[in-house]
1. Of these, 36, 95, 54, which one is out of contact with any Leu (no Cβ under 7 Å at 6 or more places or on another chain) and part of a strand (DSSP E or B)?
2. Residues to consider are 119, 176, 153; find the one that is within 18 Å of residue 213 (Cα to Cα) and outside any strand (DSSP E or B).
3. Of the residues that sit in the stretch 195-209 and are buried (at least 16 other Cβ atoms within 10 Å of the Cβ) and in a strand (DSSP E or B), which one is modelled with the lowest pLDDT?
4. Filter the stretch 24-43 for residues that are closer than 22 Å to residue 194 by Cα and modelled with pLDDT under 90 and give the result.
5. Please specify each residue of the stretch 194-218 satisfying the condition of being of a type in the set (A, V, I, L, M, F, W, C) and more than 28 Å from residue 71 (Cα to Cα).
6. Would you point out the residue of the stretch 135-149, among those that are over 21 Å from the mean Cα position of the chain (by Cα) and either farther than 18 Å from residue 78 by Cβ or of a type in the set (A, V, I, L, M) (or both), that is surrounded by the most Cβ atoms within 10 Å (Cβ to Cβ)?
7. Search the stretch 108-134 for residues being among the hydroxyl-bearing types (Ser, Thr, Tyr) and touching a residue at least 60 places away in the same chain (Cβ under 8 Å), and hand back the single one that is surrounded by the most Cβ atoms within 10 Å (Cβ to Cβ).
8. Spot the failing condition for residue 105; the list is (1) crowded, with 20+ Cβ neighbours inside 10 Å; (2) more than 16 Å from the chain's Cα centre (by Cα), and only one is missed.
Amino acid sequence: MNKKWIVLLAFFLLAVFSAQAQGFGLRGGFDFQNINGKDIDGDNLELGLSPRFNAGVVFEIAVAPDFFFQPGLLFSTKGAKSKEFLGPNTSIDFNLGYIELPLSLLYKPVLGNGRFLLGFGPYLGYGVSGKVKRTLNNVSVEDDVDWTKEYSGIALNKFKPFDFGANLFFGYELAGGLSFQINTQLGLAEINAENTSLSNDKSSWKNTSYGLSIGYRF
């Protein structure tokens, strides 16, 4: 799907959610992202945590006392890095940018002067930007991410555009609308593009993360 249609769809969903919502808020967060899974030989992928961020809007639609449907629309950066992914004296840094749609069920009972927050649900993501930076002996090369389902040859910047998985978070919302959350995300989609030139490629890469976020509900 063309990126401009993804952006238009995102704005359409934003309008739909805002029309149905009893309230909306701004959200931004800091995450430690990683890419887990299997490498080309089927061994555990050895990549490290990388600091990333997310920011956007969330909406609250009441479904029962203290229960809300909370969709959102975020720009979320993901990825991972490694100092020896390609061998000694090398490093690599994957930086992937997604438009993301979390669809959470939120439980918000009154607790003290505010409300306890417990949310969970799926998320959908579509890759719209990204860089892959490779460094060998202090010489760096940076490539744009190529969002594609498959490719042939040798490349480290090929990723499938669609991502999906599960969100889980908990936190506290103050009486004035300011909230704080601890969140985690488990990717279920294989994000590495299929290499059609390899007959026995066992690679399977998936996004994972945990982090903190702050929000304000109007």
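1. Every option except 95 fails the conditions.
2. 176
3. Checked the stretch 195-209; the qualifying residue modelled with the lowest pLDDT is 195.
4. Listed by number, the residues that qualify are 39, 40, 41, 42, 43.
5. Within the stretch 194-218, 198 is the sole residue that qualifies.
6. Restricting to residues being over 21 Å from the mean Cα position of the chain (by Cα) and either farther than 18 Å from residue 78 by Cβ or of a type in the set (A, V, I, L, M) (or both), the top hit is 135.
7. The selected residue is 123.
8. (1)
The values are calculated or read from the model by the stated rules, or taken from the named source; none is laboratory data. Fair warning: this is a prediction, and the values are worked out from it, not measured in the lab. All Cβ positions, even for glycine, are placed from backbone atoms using ideal geometry, and neighbour counts span all protein chains on display.
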